[in-house]
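Take a look at the structure set out below.
A short reminder: the numbers here are calculations on the coordinates, not readings from a lab. Predicted model, so just to flag it, every value in this text is computed and none were measured. Please note: Cβ atoms are built from the backbone with ideal geometry, for glycine as well, and neighbour counts cover all protein chains shown.
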2 protein chains.
Amino acid sequence: MPEIRHNVITREWVIIATERAKRPEEFAKSNVRRAPLQPHVSTCPFCVGNEDKTPPESYRTPVDGPWQVRAVPNKFAALDPTALLSRHVSGLKRMVSGVGIHEVIVETPHHDRVMALLSETEMVHVLETFRHRYNAITSDPRVAHATLFKNHGERAGTSLEHPHSQIVGTPIIPPMVRDRMENALRYYDETGECIYCSVLEEELRDQVRVVAQSRDFVAFIPYASLTPFHLWIFPLHHQASFSDVTGEQLTDLAWLLRLILRKVYFSLSDPDYNISVRTSPREAQGLRYYHWYVSIIPRVTRRAGFELGSGMFINTAMPESSAAFLRNVPAEPVEESDAETRGGTVLHH
Amino acid sequence: MPEIRHNVITREWVIIATERAKRPEEFAKSNVRRAPLQPHVSTCPFCVGNEDKTPPESYRTPVDGPWQVRAVPNKFAALDPTALLSRHVSGLKRMVSGVGIHEVIVETPHHDRVMALLSETEMVHVLETFRHRYNAITSDPRVAHATLFKNHGERAGTSLEHPHSQIVGTPIIPPMVRDRMENALRYYDETGECIYCSVLEEELRDQVRVVAQSRDFVAFIPYASLTPFHLWIFPLHHQASFSDVTGEQLTDLAWLLRLILRKVYFSLSDPDYNISVRTSPREAQGLRYYHWYVSIIPRVTRRAGFELGSGMFINTAMPESSAAFLRNVPAEPVEESDAETRGGTVLHH
C-alpha cells in the first residue's frame with residue numbers, strides 16, 4: 001500500500017507510490033546519456049584563457065598562479081548590485097527594488113571536469129569559495145538572505161555546461177525560509193531542542209536511510225524524500241548558519257560531498273541534479289533552533305500538475321531502498337577499464 | 001531595474017528580471033515543435049474503441065450514444081481507493097496510509113484533439129465532468145481535499161499524449177492550501193474582505209494585467225506571476241469552492257478557458273502547460289475568506305536550483321507585457337490557410 005509521509009522539518013507531504021515504484025537501477029537506464037564534453041571550448045566564458053569574457057573576478061583560489069576556482073559577477077544577473085533598497089506599496093501590490101548580488105562560481109578551469117570528478121583538494125577549494133562568497137555577500141547591509149545553488153544538466157535548468165555554481169543575495173527573506181524558521185521555533189518552544197538535531201538523531205538510530213557518514217557530517221535520504229535519491233547532508237553538531245562552518249569541517253564536508261556525488265555519478269549514469277545550501281538568514285545567525293544543511297536533488301523525475309496544484313509530491317521509490325542502493329554502490333566506475341577513466345575525464349557513452 | 005514582486009495571496013516573491021527579458025514572440029520561437037499527433041492510435045488506452053484497456057468508467061458524457069468525455073480510475077493510481085484511513089506516528093516519523101482516489105478524465109475520443117481545439121460544447125462537457133468527479137470524490141469521507149489538474153506535453157510531466165486531466169482525492173489537506181487559508185483568514189480578520197476578491201477588484205481597476213473577461217470570470221496575469229504567461233482565472237463573484245459553481249457559470253467558464261487556451265496555442269506554438277483548479281478543502285466549503293480559481297502555467301521556462309533552494313521565482317517577462325501580448329493576439333490561427341485548420345485538427349509543424 002502507498003504511504004503518505006510527512007517531513008516534520010519542511011512540513012511537506014509526499015506520496016510514496018510503491019505501486020509505481022521502479023528498482024533503483026532502472027533510473028540509471030532511463031537516464032538520457034549526455035554528449036561527451038570537450039576539455040576546452042574556445043567560446044566558453046568560463047574556460048581557462050577566456051577570463052576576459054566575464055566581469056572582473058571577486059575572488060579566486062589559489063590567489064597566485066593558475067586559478068582553480070573563480071567567483072565572478074553574473075553577466076546576466078537577475079538582480080542589480082548598484083541599486084538602492086526601496087519598498088513600494090500601492091494597494092495590494094507590494095514590491096521591493098531589484099537590488100541584490102548574483103555571482104557565478106566557476107569550479108574548475110576545465111570544461112569537462114564535472115563536480116563529481118574533482119579531486120578532494122579541488123572540492124575543498126570549491127567549498128572554501130562558497131564560504132568566502134557567502135560571507136562577503138551576506139555582509140552587504142542590503143542583503144537579507146543568500147541562496148547558494150548549483151544546476152547540473154539541462155533538466156536541472158543550466159544554460160552553460162561548464163561546471164559552475166551560483167549565489168544570489170536577495171534583499172528579502174524567502175517565505176519558504178521564514179515558514180521553516182517558524183516551524184522550527186514552535187518545535188523548540190515545545191521541546192527545547194532543534195528539530196533538525198532531533199531528526200538527525202533519529203536517522204542515526206534508524207540507520208536505514210543513512211547513505212554515508214564522515215567525522216562531522218551525515219548524508220541521508222529524508223524519511224519523506226521528495227524524489228528518488230533526494231539527499232540531505234547535515235552537520236552532525238548543531239550549527240545554524242553556513243558561515244559558522246570551520247576550515248576543518250569544510251575539508252570533511254568536501255570528502256563526504258565528493259563521495260556522494262561520485263556514487264550518484266557512476267551508479268545513476270551522471271543524472272542532472274540541483275544542489276542547494278540551505279542556511280539561516282543573515283539576521284538569524286547563531287539560532288539554537290535552526291540548522292544549515294546541503295540538499296541534493298537528482299532530477300530523475302519531473303514535477304507535474306499534481307505537485308504544482310497541491311504542493312505535495314509523488315515519489316516512485318521507497319526512501320529506504322534508494323538509501324540502501326546508494327550505500328552499497330561504489331564511488332568508482334565499475335564496468336569500465338582503468339584506462340578509460342584515467343586522468344579524471346570520464347566517459348559519457 | 002529588476003523588481004521583486006510579492007503575491008499577497010500566495011505570499012510568493014518573484015524577481016521580475018527585466019535585463020534578461022525576452023519579447024513575448026521569442027517564447028514561441030524557442031518552443032520546440034512537437035511531432036504531429038495521429039487522430040487514432042490503436043495502442044492508446046484512451047482512444048475510442050479501446051475502452052476495455054482502462055478500468056470500468058466512473059462517469060461518462062453523454063450518457064447515451066458515443067462518449068465524448070470519460071472518467072476512469074487511474075490504472076497506475078498513486079493512492080489506493082480500497083485502503084482504510086489510518087495514521088502512524090513513530091518518533092518524528094509521521095505517516096498516513098496511502099488511501100485516496102485517483103482518476104483520469106479522458107477529454108475526447110480523438111487522440112489529436114488537444115484541449116485548445118475542443119468545441120465550446122465539448123469544453124462544457126469536460127468542465128461538467130470535472131465538477132461531477134470533484135463532487136463525487138470529495139463526498140468520500142476519507143477524502144479531505146481533491147486536486148484537479150492537467151499536464152499538457154512532456155515538459156509539463158505527461159506520460160500519455162492523448163488529451164486527459166486527472167483528479168486526486170487525498171486524505172490530508174496539503175500544507176500549501178492550509179498556509180493560503182491561514183493567510184486569507186488573517187486578511188479577512190483585518191479587513192472583513194476576501195483577499196481574492198480584493199485582488200480581483202484591483203486587477204479590474206488597473207486593467208493592465210487583464211487578458212479577457214466573460215460574464216462570470218476574469219482571466220489575468222498575476223502582478224507577481226511566477227513565469228511568463230502564468231494565468232489565473234477567477235470567478236468574478238465570491239465563491240469558495242469549485243463545487244459551488246452553477247451550470248450556467250460552467251458554460252461561461254468553458255467559453256473563457258477555451259478562448260485563453262486558443263490564444264496560448266496559436267500565439268505561442270502550442271507550449272506545454274499545466275492547469276490546476278485550486279479550491280477549498282472539503283471541510284471548508286462556503287468560507288467567506290477563500291476563493292476558488294483556475295491556474296494555467298505554460299512551461300516556457302524551467303525551475304532550477306534558485307527556485308528549489310529559495311522558494312522564490314525568476315520571471316523573465318514583465319507581467320504587463322505578457323498580458324498585453326495575450327490580450328491582443330487572436331484566438332485563431334493567423335498565418336495558416338483555412339484549409340489546413342478545417343476540422344479542428346491543427347498543424348503542428
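List the residues, sorted by chain then number, that are 5 or more residues from residue A:301 or on another chain and whose placed amide H is less than 5 Å from its amide H.
Residues meeting the amide H criterion: none.
Size of the stretch A:215-322 along its principal axes in angstrom, Cα-based, largest extent first?
That works out to 38, 33, 22 Å along the principal axes.
Could you work out [θ]222 nm for chain B from helices alone, using -39500 (n - 2.57) per DSSP H run of at least four and dividing by all its residues? Round to the nearest 500 deg cm²/dmol. Write out the running numbers ahead of the final one.
Values: 8 runs with 96 residues, N = 349.
It lands at -8500 deg cm²/dmol.
Quick check: convex hull of the Cα atoms in the stretch B:124-187, volume per residue, rounded to a whole Å³? Please report the intermediate quantities before stating the final value.
Numbers: hull volume 8.5 nm³, N = 64.
Each residue corresponds to 133 Å³ of Cα convex hull volume.
What are the semi-axes of the equivalent ellipsoid for chain A, taken as the square roots of 5 times the Cα gyration tensor eigenvalues, largest first, in whole Å?
On the way: eigenvalues 168, 166, 79 Å².
In descending order, the three semi-axes are 29, 29, 20 Å.
Check residue A:314: other-chain or 5+ apart residues with amide H under 5 Å from its amide H, H built from backbone geometry?
Result for residue A:314 returns A:15.
Shortest first, in nm, what separates the label point of residue B:26 from those of the same position in the other copies (7 Å along Cα→Cβ)?
So the distances to the same position in the other copies read 4.1 nm.
What distance in nm separates the simple spin-label points at residue B:193 and residue A:19, each placed 7 Å from Cα in the Cβ direction?
Roughly 4.6 nm, to one decimal.
Give me P(r) over the stretch A:137-261, computed from all C-alpha to C-alpha distances, binned every 10 Å, as integer percentages.
Spelled out bin by bin, the stretch A:137-261 gives 10, 32, 42, 15, 1 percent.
For the stretch A:49-59, just list the computed ³J(HN,Hα) in residue order, Karplus coefficients 6.51, -1.76 and 1.60, θ = phi - 60°, integers in Hz, with x standing in for Gly and Pro.
Rounded to whole hertz, the list is x, 10, 4, 6, 8, 10, x, x, 6, 8, 6.
Taking the stretch A:71-195 on its own, what percent of its Cα-Cα pair distances exceed 18 Å? Intermediate values should be presented prior to the final figure.
Values: 4925 of 7750 pairs.
It works out to 64 percent of all Cα pairs.
Put the label 7 Å from Cα along Cα→Cβ for residue B:49; what are its distances to the other copies, in nanometres, shortest first?
The answer, with the shortest distance listed first, is 6.0 nm.
Can you list, shortest first and in nm, the gaps between the label point of residue A:288 and those of its counterparts in the other copies, using a point 7 Å from Cα in the C-beta direction?
Between copies, matching label points for residue A:288 lie 4.2 nm apart.
What's log10 of I(q)/I(0) for the protein assembly as shown at q = 0.07, 0.11, 0.12 Å⁻¹, Debye sum over Cα points only, no solvent?
Rounded to two decimals, the profile gives -0.48, -1.26, -1.50.
With +1 on each Lys and Arg Cβ and -1 on each Asp and Glu Cβ, how big is the dipole of the protein assembly as shown about its Cα centre, in debye rounded to the nearest 20? Write down the numbers at each step before the final one.
Values: 76 positive and 84 negative charges, 51 e Å.
Its charge dipole is roughly 240 debye.
Amide H to amide H under 5 Å from residue A:94: which residues, 5+ apart in sequence or cross-chain, H placed 1.01 Å off N in plane?
B:6
Take the Cα gyration tensor of the stretch A:164-229, multiply each eigenvalue by 5, square-root it, and list the three semi-axes largest first, rounded to whole angstrom.
Values: eigenvalues 116, 81, 28 Å².
Computed over the stretch A:164-229, the values are 24, 20, 12 Å.
Scan chain A and hand back the longest stretch that contains none of the GluC sites (Glu not before Pro) lying in DSSP loops with at most 13 other Cβ atoms within 10 Å. Provide the component values of the computation, followed by the final result.
Numbers: sites that count: A:335, A:336.
That gives A:1-334 as the longest site-free run.
If r is the Cβ-Cβ distance from residue B:50 to residue B:121 and R0 is 25 Å, what FRET efficiency results, to the nearest 0.05? Let's see the in-between values first.
Working: r = 24 Å, r/R0 = 0.95.
Plugging the Cβ-Cβ distance into 1/(1 + (r/R0)^6) gives 0.60.
For the protein assembly as shown, compute the number of Lys pairs whose alpha carbons are separated by less than 25 Å, excluding pairs fewer than 8 positions apart on the same chain.
24
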